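Here is the structure we will look at, set down as structure tokens.
The values are calculated or read from the model by the stated rules, or taken from the named source; none is laboratory data. Remember, it's a predicted structure, so these values are computed and weren't measured experimentally. With ideal geometry, Cβ positions are generated from the backbone for all residues, glycine too; neighbour counts draw on all protein chains shown. Surface accessibility is based on the protein's heavy atoms, side chains included, excluding ligands, DNA and RNA. Shrake-Rupley method; radii C 1.70, N 1.55, O 1.52, S 1.80 Å.
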Amino acid sequence: MLRCCELASRHRVPTLDCVTHPPSVDALANTARGSGLSHASLVALARKAIQQAQVDSRGVEALFEELVHSAARRRLQRVINATGVLIHTNLGRSPVRVDELGGALNLEFELSTGSRGVRGADLEERLALLCGAGSALVVNNGAAALILALSAVATGKDVVISRGELVEIGGGFRLPEVMLQAGSRLVEVGTTNKTHLRDYQGGLADNQDAVVLKVHRSNFTMSGFVSEVDLPSLVGLGAPTVMDLGSGLLDSRCSWLPTSPPSWLAGEPTVRECVQAGAGLTVFSGDKLFGGPQAGILVGTRELIGLCRAHPLFRAFRCGGLIIEALSRTVDAYLANDGSEIGFWRQAGSTVENLRARAAAMGLFDVVETKSVVGGGCLPGVEIDSVGVGINGDHRQWLLGLEIPIVARVFEGCTILDLRTVEPFDDAVLKSALLELDTVSR
Ligand SMILES: *Cc1c(COP(=O)(O)O)cnc(C)c1O
């Protein structure tokens, strides 16, 4: 077969794409060999730089360097979260370790029989056990879990929900639109601030087929003249109940921590509570207070989980092996009652004394008392005592430019590195960055 260049030369047609690169493009691309970008990407950037140089006086090398730098910065990479936001949505929410498996997995394969198996089945059994539920199912994220739940149990049906719970969560995901998507009819009851049991009773009257949806107001608070109906009372009404818990705290006793539960968790509803109250389905995120990878978890009765599993959307929303593996490790840590294996709980459970000792060990720099927050739209308003290292001035941009970028925050003209969200093995990286900053800013 003729290569297109040969073809072109035979027919004497000039072509642009298939001629070899003019040496200047290749040479330019080669100047950034150590950047971590592929040669193909570098060639594309070199072409772009050459093109831009025609209208930009900065010179092709400078333009190329800038393009390479910003392309390298855009790649997914490890960063150090020194913001004090425990579940930082822009930094991947709960910190999870990703091991490179680099091989085949028995993802849908039964080792005992050598025949085809069910993806996630083992994880889902352990999740059900952990939550005290009849059955469990895992999908891509919490939003998918909610759409799947409503689609499987409430398509063509009325869904009764309090006006105080018609919420929007991050990314423009709005409850009324979700219901429309699932083909359910929205039956709003009560008012913004107060909804009573009789309101739900009114919504369910003469409606044998309706489903009740309760949504945890995880990302905002209402105070003052407010009241809502608790889940056990709603379940008592007899209709199938779907609980969108969102944040996904497993149990208020936090027996996986070496200390008593943090006071800032007080009042946060839990997965086990919802299951025990008799919710037909409880849905929550894997990467909020559960502390696992991005996932949507559904737990509930065998019957309703069975409907979700059989729904075509489940196939579209299912997780891959990497997520199943990471979530499986989180579940094992809970089953072993060992929160030290879960990044979120390790960080949330660090004592102020411990953080202070780490800050002091860095020497030279100001140890500052600061406040961490939970983040991820969870427990709004909650502040957690923390300790960090402070440097005068706003150095955020400089810290982001480091080889391992450090994300910090500025408070009253001072750059603060909150150690609560920094893993202790990164303290050394932080220290050398600060020493360098100290020299450059002199
Ligand atoms: C976070 C949240 C969701 C969405 O979960 P994602 O995992 O972000 O998709 C849904 N409902 C509630 C109440 C939430 O807090």
* **Residues satisfying the stated conditions in segment 280-306, i.e. surrounded by fewer than 20 Cβ atoms within 10 Å (Cβ to Cβ) and away from the ligand (no atom under 15 Å from the Cβ)** => T301, R302, E303, G306
* From the options A136, A145, A128, residue that is closer than 15 Å to F317 by Cα and part of a helix (DSSP H, G or I) -> A145
* **Residues (away from the ligand (no atom under 16 Å from the Cβ) and touching a Leu at 6+ places or on another chain (Cβ under 6 Å)) located in segment 312-321** => G321
* Top-ranked residue of segment 245-257 - restricted to ones that are more than 16 Å from the ligand (Cβ to nearest atom) and within 14 Å of Q276 (Cβ to Cβ), ranked as most open to solvent (accessible area, probe 1.4 Å) -> R253
* To do: For segment 228-244, enumerate the residues that are away from the ligand (no atom under 16 Å from the Cβ), at negative phi and open to solvent by 40 Å² or more (accessible area, probe 1.4 Å).
  => D230, P232, S233, G236, L237, P240
* Please go through segment 148-163 and pick out each residue that is β-branched (V, I, T) and assigned to a helix (DSSP H, G or I). => V153
* Asked: Is it fair to say A133 is open to solvent by less than 30 Å² (accessible area, probe 1.4 Å) and on the phi < 0 side of the Ramachandran plot?
  -> yes
* Kindly provide the set of residues from segment 165-216 that are within 31 Å of the chain's Cα centre (by Cα) and open to solvent by 60 Å² or more (accessible area, probe 1.4 Å), ordered by number. => E168, G170, G171, R174, E177, L180, Q181, R185, L186, E188, T192
* Structure fact -> By residue number, the members of segment 334-345 that are of a type outside the set (F, W, Y) and crowded, with 18+ Cβ neighbours inside 10 Å are G339, I342, G343
* To do: For segment 69-84, enumerate the residues that are surrounded by fewer than 21 Cβ atoms within 10 Å (Cβ to Cβ) and closer than 19 Å to R409 by Cα.
  => R78, V79
* Do you know which residues across segment 424-442 are touching a His at 6+ places or on another chain (Cβ under 8 Å) and surrounded by fewer than 17 Cβ atoms within 10 Å (Cβ to Cβ)? -> S441
* Considering (1) out of contact with any helix residue (DSSP H, G or I) (no Cβ under 6 Å at 6 or more places or on another chain); (2) surrounded by fewer than 21 Cβ atoms within 10 Å (Cβ to Cβ), say which one L402 fails and leave the rest. => (1)
* If V373 passes every condition in (1) within 16 Å of the ligand (Cβ to nearest atom); (2) at pLDDT below 95 but one, which one does it miss? -> (2)
* **Any chance G413 is out of contact with any helix residue (DSSP H, G or I) (no Cβ under 6 Å at 6 or more places or on another chain), more than 30 Å from L250 (Cα to Cα) and not aliphatic (A, V, I, L, M)** => yes
* Output yes when any residue across segment 148-161 is in contact with a helix residue (DSSP H, G or I) (Cβ under 6 Å, 6 or more places away or on another chain), closer than 21 Å to R318 by Cβ and open to solvent by 30 Å² or more (accessible area, probe 1.4 Å), and no when none is. => no
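Residue-wise test of (1) exposed (fewer than 13 other Cβ atoms within 10 Å of the Cβ); (2) basic (K, R); (3) at negative phi.
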| position | (1), (2), (3) |
| --- | --- |
| T351 | yes, no, yes |
| E369 | no, no, yes |
| V374 | no, no, yes |
| C378 | no, no, yes |
| V387 | no, no, yes |
| I391 | no, no, yes |
| H395 | no, no, yes |
| W398 | no, no, yes |
| E412 | yes, no, no |
